[in-house]
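This report concerns only the one structure given below.
The values are calculated or read from the model by the stated rules, or taken from the named source; none is laboratory data. It should be emphasised that the depicted structure is a prediction, and the values quoted were computed from it without experimental measurement. All Cβ positions, even for glycine, are placed from backbone atoms using ideal geometry, and neighbour counts span all protein chains on display.
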Amino acid sequence: MWTDEDVTLVEVTWLKPHEEIKPKARDKLLDMTMRWGGFTKPVLVDSRTGSLLDGHHRLSVALKLGLNKIPAICLDYLSSDAISLELWPGSNLEVITKLMVVEMCESESLFPPKTTKHDTLFDLPPILFTLDELK
């Protein structure tokens, strides 16, 4: 089970997204993040490559706010059974693998929004890292 002790602060420049975001969803999250004064949920990241698995809108908010760090749970994505991958209904792909996600992260391209869905065995812990802590 993940706890707040599993959350570390990582450099936003290290993270590599694999999906585009929906600007309206990002703007709504930006507004909520400003009201909360920080981040209340960590992103999920591959510890080896910096591939962003979950939290594309949170990363976009951090970039929009000019933050240097973001709270994250890092795990070995390709070998971990704690995280599974599937396609969202209506995606344009017929199949997706963890390796395809990492390869997309390392490319110059992005999947459309809501292509991949990552599920974890454990819920991400509730946290609060203030915007000042992340600058």
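The table below gives the values:
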quantity: Members of segment 104-127 found to be closer than 15 Å to Ser84 by Cβ and either among the charged types (D, E, K, R) or without any contact (Cβ under 8 Å) to a residue 40 or more places away in the chain (or both), listed by number; calculated: Lys117, Asp119, Asp123
quantity: Scan of segment 78-105 for residues that are among the small types (Gly, Ala, Ser) and over 21 Å from Phe122 (Cα atoms), ordered by number; calculated: Gly90, Ser91
quantity: Arg26, sole failed condition from (1) surrounded by 18 or more Cβ atoms within 10 Å (Cβ to Cβ); (2) out of contact with any His (no Cβ under 6 Å at 6 or more places or on another chain); (3) among the basic types (Lys, Arg); calculated: (2)
quantity: The listed residue being in contact with a Pro (Cβ under 8 Å, 6 or more places away or on another chain) and surrounded by 18 or more Cβ atoms within 10 Å (Cβ to Cβ), out of Val61, Val43; calculated: Val43
quantity: Segment 69-96 residues that are in contact (Cβ under 8 Å) with a residue 60 or more places away in the chain, paired with ones that are part of a loop (DSSP other than H, G, I, E, B) and aromatic (Phe, Trp, Tyr) (beta carbon under 7 Å, 6 or more apart); calculated: Ile73/Trp2
quantity: Matching residues in segment 107-132 - criterion: being farther than 25 Å from Met1 by Cα and at pLDDT 95 or above; calculated: Ser107, Glu108, Ser109, Leu110, Phe111, Pro112, Pro113, Thr115, Leu131, Asp132
quantity: Residues (assigned to a loop (DSSP other than H, G, I, E, B) and touching a Leu at 6+ places or on another chain (Cβ under 9 Å)) located in segment 108-124; calculated: Thr115, Leu124
quantity: Checking Gly55 against (1) surrounded by 14 or more Cβ atoms within 10 Å (Cβ to Cβ); (2) under 15 Å from the mean Cα position of the chain (by Cα); (3) more than 18 Å from Glu19 (Cα to Cα), the condition it does not meet; calculated: (3)
